[in-house]
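Please read the structure below before turning to the comments.
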Amino acid sequence: MTQPISRQELENQMHQEGRLPPGQSLTQKFPILHYGSIPVFNPETWKFRIWGEVKEERSWTWKKFSQLPKSEIQLDIHCVTRWSKFDTTWKGVAFKTLIDEGLIQLLPDAKFVLQHSEGGYTTNLPLEIVLQENFLMATHFEGEPLIPEHGFPVRGIVGQIPGRSDLKTTYFWKGAKWLKGLEILTEDQLGFWEKAGYHNEGDIWKEQRLR
């Protein structure tokens, strides 16, 4: 009978494959970390909004948002608190899909995106990352709807697609739980943790944790 591979063996394998960023350790769990309390979700009043440097502001009810085209991606995710989780599967709405489908039209000066969550939490990303394949407005994790502790009904996700060195990848805090809107900006605007001293870019390979 084959013995199950240990956590340390898996970590060594990820390191050898070049998938474990510096300063990170593999976890087989999914730690729950967030600022503030878990908001109550009401499908009758919930709305998702995209505004700012767009030709026309758009908003969707939960029913309409749930009907938007979905993408499924496999990602390695890396938390600034030094854990990494590999080969996770997420399903949700890709921002690029909204552009490709003509649902959102960006204005020429659009360069940054500020994610807005329940309770006033924000985090920022360059538009170029939000348009990448490894950014998703996720509704499902491992084939099941997100649980409230992990950001139900929608959370921003940024992760590393294995083998895709062309994609810039940030630490996991750069995807906001309980996401309810994207503000498209001409200039960068610091989010909650960025204002508190976290690195503005948060590149996993450069260990950009703090300023």
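Just so you know, all these numbers are worked out from the coordinates, no wet-lab data involved. Just so it is clear, the structure is predicted and the values come from calculations on it, not from any experiment. Note that we place each Cβ from the backbone using ideal geometry, even for glycine, and neighbour counts take in every protein chain shown.
Odds and ends about this structure:
- Residue satisfying condition, being of a type in the set (A, V, I, L, M) and closer than 17 Å to Pro69 by Cβ, within set Leu98, Leu179: Leu98
- Residue within region 123-145 that is touching a residue at least 60 places away in the same chain (Cβ under 8 Å) and farther than 30 Å from Pro43 by Cβ present: yes
- Within region 159-174, the set of residues being in contact with a helix residue (DSSP H, G or I) (Cβ under 6 Å, 6 or more places away or on another chain) and either of a type in the set (A, V, I, L, M, F, W, C) or on the phi > 0 side of the Ramachandran plot (or both) comprises Trp173 only.
- The residue that is farthest from Leu106 (Cα to Cα), among those in region 39-69 that are in a helix (DSSP H, G or I) and free of Cβ contacts under 8 Å to residues at least 24 places away in the same chain, is Lys63.
- Test: residue in region 90-98 that is surrounded by 20 or more Cβ atoms within 10 Å (Cβ to Cβ), among the polar types (S, T, N, Q), in contact (Cβ under 8 Å) with a residue 24 or more places away in the chain and farther than 30 Å from Glu9 by Cβ: no
- Among the residues listed as Val130, Val80, the single one being in contact with a helix residue (DSSP H, G or I) (Cβ under 6 Å, 6 or more places away or on another chain) and farther than 17 Å from Ile32 by Cα: Val130
- If you filter region 164-211 down to residues that are acidic (Asp, Glu) and in a loop (DSSP other than H, G, I, E, B), you find that the one that is farthest from Arg82 (Cα to Cα) is Glu187.
- Criterion: within 13 Å of the chain's Cα centre (by Cα), crowded, with 23+ Cβ neighbours inside 10 Å and within 28 Å of Ser59 (Cα to Cα) - qualifying residue of Gly159, Gly202: Gly159
- The C-beta contact set for region 70-86 (first residue in a loop (DSSP other than H, G, I, E, B), second residue among the charged types (D, E, K, R), distance under 8 angstrom, 6+ apart or interchain) comprises Lys70/Lys91; Val80/Arg209.
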